[in-house]
Amino acid sequence: DGGITQSPKYLFRKEGQNVTLSCEQNLNHDAMYWYRQDPGQGLRLIYYSQIVNDFQKGDIAEGYSVSREKKESFPLTVTSAQKNPTAFYLCASFRTEAFFGQGTRLTVV
Amino acid sequence: DAKTTQPNSMESNEEEPVHLPCNHSTISGTDYIHWYRQLPSQGPEYVIHGLTSNVNNRMASLAIAEDRKSSTLILHRATLRDAAVYYCILRDDGYGQNFVFGPGTRLSVLP
């Protein structure tokens, strides 16, 4: 079945470490998005990409980086510069409607 | 980006219709109106979207005002499974558009 897959579901990071969250889609969508969600809050846009090898910053890009080397893949790296990375991270792809992954819950330990 | 305004929360009784409003007074002519909903600890799921005409699908109906400055998501018979946060979002269909979520409306369904 076509869909969007995020991994891992849970991730623990030590202070000062970079971690990479995976997002893969087999829907042949050009547009992909990364969001962050804090408890009880809405989704905030981190980065988005409309095409391979191109991406734009969203509202809260500081401390994050992305790449888009393949159409199917849009990994997000949470760098040590992100001071408060504990959150629920959601990836989506879009053509006429958006499809979301099930999310990665990142916790700093 | 055009903004949307939704009530923070709404309540409904089970098996009754629910009308979720969304105001978007600065909508442009090429903005599509999208609705998504999010259950706890899950990613949002698509509900419905439209441009100018009212739309129906198996999940809901979307009623769009004639001037397009507001819209209403209609759940015809609310079930307990419909309790979620509902997001109304505008997105231009052109290249390079982002997809920005507001705080949404938290719908509670009472048995």
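Values in this text are rule-based calculations from the coordinates and carry no lab data. This one's a predicted model, so the numbers in the text were calculated from it and none came from an experiment. When we count neighbours, we look across all protein chains shown, and the Cβ atoms used for this are built from the backbone with ideal geometry, even at glycine.
Things to note:
- Across the cross-link table entries A:Lys57/B:Lys69; A:Lys9/A:Lys70; A:Lys71/B:Lys3; A:Lys9/A:Lys71; A:Lys57/A:Lys83, which are compared at the Cα atoms, the separations over 24 Å belong to A:Lys57/B:Lys69; A:Lys71/B:Lys3.
- Each of A:Arg105, B:Arg77 has some number of other Cβ atoms within 10 Å of its Cβ, and from fewest to most they run B:Arg77, A:Arg105.
- Model label zone, B:Glu16; criterion: amide N under 18 Å from point 7 Å along Cα-to-beta-carbon; scope the range B:41-83: B:73-83
- Computed label-point distance, nm, for sites B:Asn54 and A:Thr107 using a 7 Å Cα→Cβ extension: 4.8
- Distance between the pseudo-spin-label points of A:Thr5 and B:Thr26 (7 Å out from Cα toward the beta carbon): 4.1 nm.
- Sorted by Cβ density within 10 Å, fewest first, the residues B:Asp93, B:Asp82: B:Asp93, B:Asp82
- The relative contact order of chain B comes to 36 percent, based on Cα pairs under 8 Å that sit 6 or more residues apart.
- Label positions at A:Asn28 and A:Lys57, each projected 7 Å from the Cα along the C-beta direction, are separated by 3.5 nm.
- Average beta-carbon neighbours from other chains, 10 Å sphere, peptide A:95-103: 5
- Most tightly packed first, judged by the mean number of other beta-carbon atoms within 10 Å of their residues, the peptides A:61-71, B:49-59 read A:61-71, B:49-59.
- Beta bridge orientation in the protein assembly as shown: antiparallel %, DSSP, nearest 5: 90
- Cα principal axis extents for the protein assembly as shown, largest first, Å: 50, 39, 34
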